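> Take a look at the following structure, please.
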Amino acid sequence: MEEQNHSSGKELQHRTRAESPGKKTWHSQAYALGAVSNFMSTFLTFPIYKVVFRQQIHAVAVSEAVRQLWHEGPQYFFRGIYPPLLSKTLQGTLLFGTYDSLLCSLSPVGPHSLGHRWAAGLMSGVVEAVALSPFERVQNVLQDGRKQARFPSTFSILKEFNSYGLWGRLSLGYYRGFWPVLLRNSLGSALYFSFKDPIQDGLAEQGLPHWVPALVSGSVNGTITCLVLYPLIVLVANMQSHIGWQSMPSLWASAQDVWDTRGRKVFLIYRGGSLVILRSSVTWGLTTAIHDFLQRKSRSRKELKD
């Protein structure tokens, strides 16, 4: 019985992938599914994210990062959660929805090649970076414990950015650190979407429960992608934590400063890597599994209507 359900599930999965490009309604639903899955996974993994951020900023051990948060008190523990909740929900909306639309434009009839998945993932990452960089910028300032007195709220940060001129609002304010964000997001999305389905399909052929392939595929993809791009993640966190005209080093100067403060050692740049592995595995595993679950439910309801 389990094998029969698995086989029919696989047939439904491949049939839907082949048929979906011609159905416009499926594109709109991809945005909603991405939003819900990212919102849920972000809320569940926020504590891990905050510890990782402190490690990236201060280059401290896990125990010290936890001690800092404990010392600040519970009233500050969820400080900064609203920007990532909003940005990650928008990220899921854009990432999955834009990818689906672009993929169907590049390859109207499935199955889709690795090149098409890579190109659609790369372009969806570019859209994501342009739309969401301001959210990440505000979030990184909020989570920097050194700036709690000067910027106690999101409004105080926005007020600071809006006091600059037009170009300053973009380059020094909302889009500070944009180029490494663009590189990180585009490459990360391309890697994730290129290998998500092949890994998931390969595991599904082993007769595993339907939720396991999606969970493992997301975890493996998230872990590998984050480890490859981790130096960019650290660079972005450090660049976006700066505020003010006088303390705004260039991209090269910021990269040099990160390299110098980490003792010119790669393993120190990767400090916090253990939690990054955990966070990425859990976040992308949950996101992929939730997305796959919602996708299956939607397909089942649609088939019943048909």
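> Output the pairs from 88/305; 50/302; 88/147; 88/302; 88/265 with a Cα-Cα distance over 30 Å in this structure; if there are none, say none.
88/305; 50/302; 88/265
> For the chain, what is the charge dipole size about the Cα centre, in debye to the nearest 20, if Lys and Arg each add +1 at the Cβ and Asp and Glu each add -1 at the Cβ?
Roughly 700 debye for the chain.
> Right, here's the next one. Tell me, what are the semi-axes, in whole angstrom and largest first, of the equivalent ellipsoid of the chain as set by the roots of 5 times the Cα gyration tensor eigenvalues? Don't jump to the answer; show the numbers that get you there.
On the way: eigenvalues 271, 85, 64 Å².
Calculated on Cα positions only, the semi-axes equal 37, 21, 18 Å.
> May I pose another question? Of 267, 82, 158, which is farthest on the positive side of the dipole of the chain, counting Cα position, with +1 on Lys and Arg Cβ, -1 on Asp and Glu Cβ, and the Cα centre as origin?
About the Cα centre, the residue reaching furthest to the positive side is 158.
> If a helix is a whole DSSP H run, which ones in the chain reach 24 Å or further along their own axis (Cα) and hold a mean Kyte-Doolittle hydropathy of at least -0.5?
What comes out of the filter, once short or polar helices are dropped, is 24-58, 82-106, 114-143, 178-204, 211-240, 273-305.
> Further question on the same structure: How long is the gain from residue 130 to residue 212 if the chain were fully straight, where each residue apart is worth 0.36 nm and the alpha carbon distance is subtracted?
26.2 nm
> Looking at 187, 127, 242, which one has the Cα that reaches farthest to the positive end of the dipole of the chain (charges on Cβ: Lys, Arg +1; Asp, Glu -1)?
242
> Let a ≥ b ≥ c be the square roots of the eigenvalues of the Cα gyration tensor of the stretch 165-223; is it rounded (a/c under 1.5), or, if not, prolate (a/b larger than b/c) or oblate? Walk me through the numbers before you get to the answer.
On the way: a/c = 5.77, a/b = 4.05, b/c = 1.42.
Prolate shape, in that a/c is at least 1.5 and a/b is the bigger ratio.
> Among residues other than residue 64 whose Cβ falls under 11 Å from its Cβ, what is the net charge (Lys/Arg +1, Asp/Glu -1)? Numbers along the way, then the final one.
Details: positive: 54, 67, 271; negative: none.
Surrounding charge for residue 64 is +3.
> By how many nm would the segment from residue 64 to residue 278 lengthen if fully extended, with 0.36 nm per residue of separation less the alpha-carbon distance?
Working: separation 214, 0.36 × 214 = 77.04 nm, distance 1.77 nm.
Extra length available between residue 64 and residue 278 comes to 75.3 nm.
> In the neighborhood of residue 173, defined by Cβ-to-Cβ distances under 13 Å, what is the net charge if each Lys or Arg adds +1 and each Asp or Glu adds -1?
Values: positive: 137, 159, 169, 176; negative: 136, 160.
Here the count lands on +2.
> Additional query: What chymotrypsin sites (Phe, Trp or Tyr not before Pro) in the stretch 229-277 are in a loop by DSSP, with at most 11 other Cβ atoms within 10 Å of the Cβ?
Of the chymotrypsin sites (Phe, Trp or Tyr not before Pro), the ones in loops of the stretch 229-277 whose Cβ has at most 11 other Cβ atoms within 10 Å are 245.
> Roughly how many nanometres apart are two label points built 7 Å out from the Cα toward the Cβ at residue 293 and residue 256?
5.0
> Given R₀ = 35 Å, FRET efficiency for residue 77-residue 109 by Cβ-Cβ distance, to 0.05?
The computed FRET efficiency comes out at 0.10.
> Let me ask another. Going by the alpha-carbon gyration tensor, a ≥ b ≥ c the square roots of its eigenvalues, is the stretch 33-153 rounded (a/c under 1.5) or, if a/c is not under 1.5, prolate (a/b greater than b/c) versus oblate?
Prolate, because a/c is 1.5 or more and a/b exceeds b/c.
> Put +1 on the Cβ of every Lys and Arg and -1 on every Asp and Glu Cβ in the chain; which of 231, 99, 71 then has its Cα farthest towards the positive end of the dipole?
Value: 71.
> Would you please classify the overall shape of the stretch 200-243 from the alpha carbon gyration tensor, given that a ≥ b ≥ c denote the square roots of the eigenvalues, rounded means a/c under 1.5, and beyond that prolate means a/b larger than b/c while oblate covers the rest?
Verdict is prolate for the stretch 200-243.
> A further question follows. Cβ under 13 Å from residue 158's Cβ, residue 158 left aside: what net charge do those residues give with Lys, Arg +1 and Asp, Glu -1?
+2
Since every read-out is calculated from the coordinates, none of them should be taken as a lab result. Note that the coordinates shown come from a computational prediction; the quantities given were computed from them, not determined experimentally. Glycine also receives a Cβ, built like all others from the backbone with ideal geometry; neighbour counts cover every protein chain displayed.
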